[in-house]
Amino acid sequence: MEDGNRLQVVMFPWLATGHLIPFLQLSKLLAEKGHKIFFVSTPRNLNRLPKIPKQLSSEIILVSFPFPHVPNLPSCAESSTDVPYTKQQLLKKGFDLLEPPLTTFLESSKPDWIFYDYASHWLPSVAARLGISCAFFSLFTAACLSYIGPPSALMTIGDPRSKAEDFTVVPKWIPFESDLVFRLHEVTKYVEKTEEDETGPSDLIRFGFAAGGSDVVIIRSSPEFEPEWFNLLHDQLYKKPIIPVGFLPPIVEHNEEDDNIDGHEWSNIKEWLDKQKVHSVVYVAIGTEASLSGEELKELALGLENSTLPFFWVLNKIPGSTKNALDMLPDGFQERVKNRGIIHGGWAPQVKILSHDSVGGFMTHCGWNSIIEGLTFGRVLILLPILNEQGLNSRLLHGKKLGLEIPRKEQDGSFTWASVAESMRTAMVDDSGVSWRNRAREIRYLFGDVDRNNCFVARLVNYLTENKKARVP
Ligand SMILES: O=c1ccn([C@@H]2O[C@H](COP(=O)(O)OP(=O)(O)O[C@H]3O[C@H](CO)[C@@H](O)[C@H](O)[C@H]3O)[C@@H](O)[C@H]2O)c(=O)[nH]1
């Protein structure tokens, strides 16, 4: 490639596993095309990143800034996985303190572009001052961004919604019929979080500034999947360039080097999966930020038991807590399910497990990465949204008949083991679930087709090359 066409891009994701991973995925795709990436984060986050392939290690430079000290935040906490949900605002305080070192770095490195996340509401004005083109890289669907609202209003008058109930109705800027709203219990959790520390800007205000100040908005999704939402964003809400980057489907590397990273763990898991029937296993996981209450854990466990289906359950520690989730399971549960269920503590090689043919369904908290990973392999989704925008994702997927939402009580969000078991059986084996299973398998062509998705990345690169600002000398 001619030097003039080689882009220098700074990546600056929010401090969360579910954000670092896709930012790195996009970095790898750009680096494969010969562009130079400076991937900026804090030491523990950079250490936890998946390994960068040898052939790209000179193109992706990791840039580490120490995480600033924030009173009342546990020491060593650098990512959303390290702190309970109620302390996320404090983590954002620390994140905002990265503005000075990042600004100094941008002044000296003078990249063509900086890609940033929703949390860096302050970054567009820094980039504008330095004459650097800036892209808001959204790891949220166009539907979710539309629900959040027009940046122009969020940046000037703020969010018109103040009461929990306001989030349970379709916003007035959505001109077509939609059921994309939160349930009351989902919002109550959100409100509890902001009540603990109201000092920083709310997430929705961060979104407003991140999107409103950007030169372009890049969305990890595709207009074929959610055409009406892309049109609404582009024509009415954002009125600026919006570039879909496709789904960035995960690629399973079954080479020796990669399998060694997951070590014995993967070979044991694979051995168990190999013994199960094709499409029979339900993989159950709730990402890196969410956790279930003791009551919910019990109902979920009993639901898995009563479904009588084989399952692989990733039961991670509760974020920011020393409590062991295993101790909260119903008495005798592990013994009763030992012949058909695996309960896995700690990090699981999720993408590899989902890619295995024995897996037919995925009970997920509806993090956007997990949804993409499940549909990449055509697994039918059983939806159990917990936090953040997950309720909106669940409604979107349920509406498109790509997943079944486990019924919860509207007011307190409680669910029963019977509804868990019933949703699982409908999704996996009952005749009434055939069309759901078929749709999930069919949609692989959108989510998982690497060539189709790479076309989006190629178009993005053209855009970045043609629209970068002249470099400041
Ligand atoms: O044991 C584990 C746990 C997680 N993962 C991976 O970690 C990522 C988790 O991402 P996601 O499914 O999106 O869940 P969260 O980390 O909980 O996601 C946060 O970030 C997402 C993207 O913005 C949002 O959709 C969610 O609401 C938010 O909680 C995925 O790639 C998983 O494959 C593993 O491989 N093994």
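Over every Cα atom in the chain, the radius of gyration and the widest Cα-Cα span, Dmax, amount to 21.8, 69 Å. Element breakdown for the stretch 262-448 at a 1.4 angstrom probe: carbon and sulfur atoms account for 50% of the accessible area. Dimensions of the stretch 262-448 along the principal axes, based on C-alpha atoms and rounded to the nearest Å, stand at 43, 41, 30, largest first.
Rounding to the nearest 10 and keeping the result within 0 to 90°, find how far the Cα-based axis of helix 294-307 lies from the longest principal axis of the chain. That helix lies at roughly 60 degrees to the long axis. With the convex hull constructed from alpha-carbon coordinates only, the stretch 59-187 shows a mean projected area of 10.6 nm² over all directions. For the chain, the longest principal axis of the Cα atoms and the long axis of helix 17-32 meet at an angle of about 60 degrees. Database remark: amide H of Leu62 closer than 5 angstrom to the amide H of Phe39 (H placed geometrically; neighbours at sequence offset of 5 or more, or on other chains; Pro and chain starts carry no H). Normalised per residue, the accessible area of the chain is 41 Å², obtained with a 1.4 Å probe and no contribution from ligands, DNA or RNA. Rounded to the nearest 10 degrees, the inclination of helix 184-196 to the longest alpha-carbon principal axis of the chain is 50 degrees.
The values are calculated or read from the model by the stated rules, or taken from the named source; none is laboratory data. Model, not experiment: these values are computed from the prediction. Remember, those area values only see protein heavy atoms, side chains included, never the ligands or the DNA or RNA. Shrake-Rupley method; radii C 1.70, N 1.55, O 1.52, S 1.80 Å.
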